[in-house]
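K.L.:
Please find one structure pasted underneath; my questions will follow.
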Amino acid sequence: MVQRLMTLVFAVILLIFALSVALVFHLKTQVNNLGDMSQLRYKSYQAADELRHSSDELTRFSRTYVATGNAQYKKMYNDVVAIRSGNKNRPEGYEGIY
């Protein structure tokens with residue numbers, strides 16, 4: 001009777017240990033997934049901010065060109081359009097004001 005009880009207790013302890021190990025590995029996987037999602041969220045934020053920024057630049061360049069007639073602003077407008085469409089490489093430090 002005592003031997004049976006000890007075997008049962010040992011089996012329950014072993015089962016709980018195995019379950020704990022499985023849960024730890026699952027938790028580690030979930031933490032890694034959370035980190036990946038956080039990186040994706042940050043990259044999405046950067047892309048949206050860059051799109052908003054370049055839209056502001058396009059508006060500013062077109063308005064300034066119309067107001068002044070200076071061809072430099074038309075060129076800068078066309079450069080931003082080319083960068084957005086992928087026809088021109090982004091200059092270094094493009095995150096700031098172009």
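No value in this document is a laboratory result; all are computed from the given coordinates. Since this is a predicted model, take the numbers as computed values, not measurements. Neighbour counts are summed over all protein chains in view; Cβ atoms, including those assigned to glycine, are modelled from backbone coordinates with ideal geometry.
K.L.:
From R84, R90, which residue is part of a loop (DSSP other than H, G, I, E, B), surrounded by 10 or more Cβ atoms within 10 Å (Cβ to Cβ) and not aromatic (F, W, Y)?
P.N.:
On inspection, the qualifying residue turns out to be R90.
K.L.:
Still on this structure, please answer the following. Can we say Y77 is of a type outside the set (D, E, K, R), touching a residue at least 12 places away in the same chain (Cβ under 8 Å) and either surrounded by 10 or more Cβ atoms within 10 Å (Cβ to Cβ) or assigned to a loop (DSSP other than H, G, I, E, B) (or both)?
P.N.:
Working: of a type outside the set (D, E, K, R): yes; touching a residue at least 12 places away in the same chain (Cβ under 8 Å): yes; either surrounded by 10 or more Cβ atoms within 10 Å (Cβ to Cβ) or assigned to a loop (DSSP other than H, G, I, E, B) (or both): yes.
Yes: the conditions hold for Y77.
K.L.:
Please specify each residue of the stretch 57-74 satisfying the condition of being of a type outside the set (D, E, K, R), surrounded by 10 or more Cβ atoms within 10 Å (Cβ to Cβ) and assigned to a helix (DSSP H, G or I).
P.N.:
L58, T59, F61, S62, T64, Y65, V66, T68, Q72, Y73
K.L.:
Are any residues in the stretch 1-60 hydroxyl-bearing (S, T, Y) and under 30 Å from K74 (Cα atoms), and if so, which ones?
P.N.:
Selection gives S44, Y45, S54, S55, T59.
K.L.:
Restricting attention to the stretch 21-78, which residues are within 23 Å of R90 (Cβ to Cβ), among the aromatic types (F, W, Y) and more than 16 Å from the chain's Cα centre (by Cα)?
P.N.:
Selection gives F61, Y65, Y73, Y77.
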